[in-house]
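Some notes on the structure that comes next.
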Amino acid sequence: MGLEEYKGVFVYAQQVDNQLSNISFELIGEGKRLAKDLDTDVTAVLIGSDVKGLADELAAYGADKVIVVDDPELKNYRTEPYAHALASVINEYKPDIMLVGATAIGRDLGPTVSARVATGLTADCTSLEIGDFPLNPIPGQEQKHKQLLMTRPAFGGNTIATIACPDNRPQMATVRPGVMQKLDKVEGAKAEIIEFNPGFTPNNKYVEILEISKAVSGIKDIMDAKILVSGGRGVGSPENFKILEDLAEVLGGQVSCSRAVVDSGWKPKELQVGQTGKTVRPNVYFAIGISGAIQHVAGMEESDIIVAINKDEDAPIFDVADYGVVGDLNKIVPALTEAIKAELAAK
């Protein structure tokens with residue numbers, strides 16, 4: 001089978017408890033951008049039980065087609081039936097590109113499926129482009145065009161690798177949540193719905209779910225925040241985060257942190273921004289006592305406005321900041337909080 005038989009951009013539309021995850025819409029938005037360069041369309045692959053009713057929401061965010069794999073065996077995520085479903089879709093419809101969210105589910109599903117369909121997988125991508133590969137022509141080697149160029153951090157974030165899969169299809173990638181932008185929702189949009197069921201015969205690889213226990217957390221997802229007040233090791237102590245919390249409160253924002261803070265046990269992992277944490281895109285991001293290591297910057301550099309407060313005038317964080325204040329955060333942050341309070345009171 002020739003590679004030219006593989007066409008279209010497919011995205012895995014993750015749903016949990018019959019609710020679509022935000023990464024599904026982000027992947028459709030990115031898929032539309034890639035599809036424009038390839039003059040093709042975007043197909044969302046929706047897998048679950050009694051999920052057909054979610055197809056219109058996928059269409060509203062830009063999906064041209066929705067392949068629905070609906071079966072009682074797919075009620076809850078389990079590796080074997082879901083991998084069988086997605087691999088069967090790929091073998092039947094032959095997409096040129098297959099995108100999966102780098103969520104807990106996607107990081108399990110993506111590699112399993114790529115092995116079954118005998119193709120490569122670039123994990124945890126932060127950028128996708130259509131272009132030539134090799135990037136620079138090499139004498140005696142064919143340069144292939146309209147390839148998916150998949151970029152991801154490597155070696156602990158100290159370098160960036162661009163990877164292609166020129167000899168196998170589909171070109172598969174898992175994409176970090178929060179990195180890609182979803183399109184504006186178009187109410188009333190309709191997609192072509194294709195129902196497909198490869199059949200499911202439980203075997204010894206099917207995990208039996210005995211009980212589902214859902215953790216209840218009072219922590220809001222920092223990926224949804226419009227304003228983040230983020231602290232690093234320079235804050236000094238867990239108790240000193242109180243001044244950041246006060247600032248976040250008057251701004252109507254949330255507190256987040258760097259990896260160093262999590263590693264020190266000052267804040268939970270759910271609040272970590274960065275390569276090994278979460279990628280955020282708030283309207284305003286305060287980086288307080290954060291040096292600006294590339295691993296952290298990778299998770300917040302797409303913020304609309306970045307405000308850095310650090311006593312080290314040479315801190316790398318100032319290279320990405322829109323506004324920078326050099327000085328003692330213990331004096332600057334409380335003063336800023338009081339100034340904002342006074343401004344709000346005057347209104």
So what is the relative contact order for the chain, in percent, with contacts set as C-alpha pairs under 8 Å and at least six apart?
14 percent
Using the Cα atoms of region 3-195, I'd like the radius of gyration and the largest Cα-Cα distance, Dmax, both in angstrom.
16.0, 54
Considering only Cα-Cα distances, which of the following residue pairs are longer than 18 Å: K7/K144; K75/K205; K75/K278; K65/K94; K220/K267; K226/K278?
K75/K278
Compute the distribution of all C-alpha to C-alpha distances in region 222-346, in bins of 5 Å from 0, and list the percent of pairs in each, rounded to whole numbers.
2, 13, 24, 27, 22, 9, 2, 1, 0
Cα-Cα pairs in region 2-47 separated by more than 14 Å, as a whole percent of all pairs, come to 51 percent
Which angle between 0 and 90 degrees, to the nearest 10, do you get for helix 104-116 versus the longest principal axis of the chain when only C-alpha atoms count?
30 degrees
Please report the spacing between the Cα centers of region 273-347 and region 148-202 in Å, no decimals.
31 Å
Rg (Å, one decimal) plus Dmax (Å, integer) for the alpha carbons of the chain?
22.5, 71
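The numbers here are math on the coordinates, done by the rules we state, and not lab data. Since this is a predicted model, take the numbers as computed values, not measurements.
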